[in-house]
Amino acid sequence: MTETGFEKVPARNRRRFPGISSRAYEHPADRSALVALRKLSGFDTVFKALSGLLPERSLRLLFLSESVRVGEAQFPHLHEMLRDACYILDLEKVPQMYVQQDPKPNAMCIGLDEPIIVVTTGLVELLDEEEMRAVVGHEVGHALSGHAVYRTILLFLTGLALKVAWIPLGNVAIMALVTALREWFRKSELSADRAGLLVGQDVNASMRGLMKIAGGNHLHEMNVDSFLAQAEEYEASGDLRDSVLKILNMLPRTHPFTTVRAAELKKWSQNRDYQRIMDGHYPRREEDKDTSVSDSFRESASHYAESVRSSKDPLFKLVGDIAGGAADVGGRLRDKFTGAAGGGSGSAGEAKGGATGQG
């Protein structure tokens with residue numbers, strides 16, 4: 001152990017990604033929302049005007065006065081991690097980082113004009129160096145994607161909803177916005193987990209970090225494979241009532257459940273998209289302006305459709321079965337009205353429909 005409490009790990013070279021666009025690692029649902037917002041005429045102007053209403057200045061002054069600003073003289077190991085993460089993801093301006101006294105492990109990236117990163121003492125004390133590196137990369141990923149803006153708005157609207165709860169219908173409208181923003185933000189967390197992996201380039205460290213956030217500093221009592229098995233059991237277990245309860249449990253959260261995050265990140269690390277990025281094949285920032293909104297939405301829709309087909313959740317399986325049955329009926333009606341041969345086409349349609357239903 002070092003004086004800072006971190007284990008010594010061998011120095012190793014990590015691949016750098018010059019000019020990488022955040023589209024390279026963004027979750028499809030996160031990416032489609034961001035592309036649409038960036039293309040929206042007057043979007044920047046609206047949010048600059050809104051910034052006068054948001055307590056950004058107050059937040060900056062609060063962290064400056066009540067937290068410790070990371071730098072060469074304070075938490076230098078975090079300062080080096082931050083600079084390293086920005087270097088790897090090619091983020092030109094290094095955000096300010098603060099350490100806040102809080103036993104609960106947490107981190108966030110907020111701000112409108114300039115993002116700031118805040119990590120709690122609970123998180124710093126919980127994670128080893130490589131696990132913490134993934135977390136810092138996670139927050140830098142938020143900064144590169146522009147998530148800090150929307151996170152700040154979400155915090156503002158959540159607070160506003162509490163203040164106007166007594167106004168008839170006022171709280172309903174705001175909570176509808178908050179619910180939509182939370183759904184987007186949960187997907188953005190999956191994006192940032194991927195950015196953390198690109199920075200740390202150690203999937204085992206990322207898994208350990210998520211496992212510790214869920215179960216505390218008892219690594220010798222935990223097992224990554226068993227932890228990932230929990231995610232599969234969570235998805236597949238129960239009946240339709242449990243599926244509804246899962247949705248209700250998720251609605252008030254800004255983050256996906258930890259086991260689900262671990263499973264999603266493990267799956268992405270084994271995907272060819274991740275390997276292509278590591279091989280140097282990824283979208284560049286200079287191409288962002290030419291990104292098609294419709295293509296992004298199609299990719300997002302395709303992702304959700306595939307999620308429904310492959311999901312083991314009882315509700316999603318029911319939706320898939322209904323969709324498969326509808327395709328089967330549609331095929332039979334098409335054959336009937338086009339005069340197609342009943343035997344051959346019908347059998348093919350049934351086989352196709354059956355396969356879809358099972359997916």
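The values are calculated or read from the model by the stated rules, or taken from the named source; none is laboratory data. As the structure is a prediction and not an experimental result, all values here were calculated from the model. Here the Cβ positions follow ideal geometry from the backbone for every residue, glycine too, while neighbour counts run over all protein chains shown. Just so you know, the surface numbers come from the protein's heavy atoms only, side chains and all, with ligands and any DNA or RNA stripped out. Shrake-Rupley method; radii C 1.70, N 1.55, O 1.52, S 1.80 Å.
Kindly provide the set of residues from the range 195-212 that are part of a helix (DSSP H, G or I), surrounded by fewer than 21 Cβ atoms within 10 Å (Cβ to Cβ) and in contact (Cβ under 8 Å) with a residue 40 or more places away in the chain, ordered by number. Steps first, answer last, please.
Going through the range 195-212, the residues part of a helix (DSSP H, G or I) turn out to be 195-200, 203-212.
Okay, now just the ones that are also surrounded by fewer than 21 Cβ atoms within 10 Å (Cβ to Cβ), so 203-204, 212.
Matches in the range 195-212: Val203, Lys212.
With the condition kept exactly as written, say whether any residue in the range 78-98 is touching a His at 6+ places or on another chain (Cβ under 8 Å) and not small (Gly, Ala, Ser).
Yes.
Given the criterion under 27 Å from Leu219 (Cα atoms) and surrounded by 17 or more Cβ atoms within 10 Å (Cβ to Cβ), identify the matching residue among His138, His147. Quick ask: steps written out before the conclusion?
Numbers: His147 fails: under 27 Å from Leu219 (Cα atoms).
Result: His138 is the single residue among His138, His147 that is under 27 Å from Leu219 (Cα atoms) and surrounded by 17 or more Cβ atoms within 10 Å (Cβ to Cβ).
Quick one: in the range 91-143, which of the residues that are in contact with a Cys (Cβ under 6 Å, 6 or more places away or on another chain) and without any contact (Cβ under 8 Å) to a residue 40 or more places away in the chain is nearest to Phe63 (Cα to Cα)?
Going through the qualifying residues, I end up with Ile117.
With the requirement that a residue be at pLDDT 70 or above and open to solvent by less than 20 Å² (accessible area, probe 1.4 Å), what does the range 20-42 give you? Working first, answer last.
As a first pass, look at the range 20-42 and keep what is at pLDDT 70 or above: 20-31.
Selection gives Ile20, Ser21, Ser22, Ala24, Tyr25, Glu26, His27, Pro28, Ala29, Asp30.
Looking only at residues in the range 100-123 that are part of a strand (DSSP E or B) and out of contact with any Ser or Thr (no Cβ under 6 Å at 6 or more places or on another chain), which one is most open to solvent (accessible area, probe 1.4 Å)? First the steps, then the outcome.
Just the residues of the range 100-123 that are part of a strand (DSSP E or B), to begin with: 100, 107-110, 116-120.
Those left that are additionally out of contact with any Ser or Thr (no Cβ under 6 Å at 6 or more places or on another chain): 107-109, 116-120.
Working: Ala107: 15, Met108: 36, Cys109: 4, Ile116: 5, Ile117: 0, Val118: 4, Val119: 2, Thr120: 6 Å².
The selected residue is Met108.
For residues that are surrounded by fewer than 15 Cβ atoms within 10 Å (Cβ to Cβ) and of a type in the set (S, T, N, Q), scanning just the range 64-99, find the one that is farthest from Asp193 (Cα to Cα).
Step by step, filter the range 64-99, then rank; the result is Ser65.
Which residues, taken from the range 121-132, are in contact with a helix residue (DSSP H, G or I) (Cβ under 9 Å, 6 or more places away or on another chain) and not charged (D, E, K, R)?
Within the range 121-132, Leu123, Val124, Leu126, Leu127, Met132 meet the criteria.
So which residues in the range 63-84 are more than 27 Å from the chain's Cα centre (by Cα) and either basic (Lys, Arg) or modelled with pLDDT under 95 (or both), if there are any at all?
Within the range 63-84, Leu64, Ser65, Glu66 meet the criteria.
Give the range 66-80 a look and list any residue that's touching a residue at least 40 places away in the same chain (Cβ under 8 Å) and in contact with an Asp or Glu (Cβ under 8 Å, 6 or more places away or on another chain), or say none.
The one that is touching a residue at least 40 places away in the same chain (Cβ under 8 Å) and in contact with an Asp or Glu (Cβ under 8 Å, 6 or more places away or on another chain): His77.
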